[in-house]
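Single-structure report; data block below.
The values are calculated or read from the model by the stated rules, or taken from the named source; none is laboratory data. Model, not experiment: these values are computed from the prediction. Heads up, the Cβs are rebuilt from the backbone with ideal geometry, glycines too, and the neighbour counts pull from every protein chain shown. Note: accessible area is taken over every heavy atom of the protein model, side chains too, but ligands, DNA and RNA are not part of it. Shrake-Rupley method; radii C 1.70, N 1.55, O 1.52, S 1.80 Å.
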Amino acid sequence: MGAVTAAYPVWFRDALKRLMGLKFPPVDLATHWEGLRDLPPASVQAAVSRAARECDEFPSPQMLRAFAAASEPRLGLDEDRSRPLAEPRAIVVPQAGVTLPVTREWTFYCDTCEDTGWASFHCGGTEACGRDRAHAAHAYVQHCACWDSNPAVRRKRQRAAQQAHARTAKNG
């Protein structure tokens, strides 16, 4: 490890010490601490655990950040927006020969788009869709009015941005 152990906390040193058996360990962890100091200890521990399983070489701070981001709970997926049905019912799945009891119903923040962020429309061939030329009837989608205010849609966009960033970091 190096002589600069006072620059970072003991929990951090102990977490990354688990990776010292990998190829090319750093002489000291100051650079890793600088790159990871804003992460909570649980995220660093999760990243180190994944690196221990998947890496041959000591991971860079960037790779550990990507592992930490991937280990974080997916935003909003633990939120329960269902409500009990007044009258429970059963759904029969004929192909499987199974009857499923239905006791709860999901509620959306927006009934127009069902929390997708996209509202569906039908154009009868007029200028309803914004086209200037004559055209046949068709269906189209646009951002729903809830695009900026719906918490579920905002979380989905945030997750997509995080995943895109992780893919870019991985490939770049």
Just to be sure, is F108 more than 28 Å from A68 (Cα to Cα), under 25 Å from the mean Cα position of the chain (by Cα) and hydrophobic (A, V, I, L, M, F, W, C)? yes
State which residue pairs qualify: first residue surrounded by 11 or more Cβ atoms within 10 Å (Cβ to Cβ) and inside the stretch 1-14, second residue at pLDDT below 50 in any location, beta carbons under 9 Å apart, and separation of 6 or more residues or different chains. R13/M1; R13/T5
Looking at R154 and the list (1) without any contact (Cβ under 8 Å) to a residue 24 or more places away in the chain; (2) farther than 30 Å from L64 by Cα; (3) surrounded by 12 or more Cβ atoms within 10 Å (Cβ to Cβ), which single condition is not satisfied? (2)
Reported set for the stretch 118-137 where residues are part of a strand (DSSP E or B) and open to solvent by less than 40 Å² (accessible area, probe 1.4 Å) is A119, C123
Given the options S82, S71, S120, name the one that is of a type in the set (G, A, S), in contact (Cβ under 8 Å) with a residue 12 or more places away in the chain and in contact with a helix residue (DSSP H, G or I) (Cβ under 9 Å, 6 or more places away or on another chain). S71
Condition check: among the acidic types (D, E), open to solvent by 90 Å² or more (accessible area, probe 1.4 Å) and in a loop (DSSP other than H, G, I, E, B). Does D115 satisfy that? no
Filter result (of a type in the set (F, W, Y) and closer than 13 Å to R37 by Cβ) within the stretch 5-24: Y8, W11, F12
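Residue-by-condition table, conditions (1) modelled with pLDDT of 90 or more; (2) open to solvent by 60 Å² or more (accessible area, probe 1.4 Å):
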site	(1), (2)
P59	yes, no
S71	no, no
G97	no, yes
D148	no, yes
How many of the residues making up the stretch 18-48 are out of contact with any helix residue (DSSP H, G or I) (no Cβ under 8 Å at 6 or more places or on another chain) and either small (G, A, S) or surrounded by 18 or more Cβ atoms within 10 Å (Cβ to Cβ) (or both)? 3
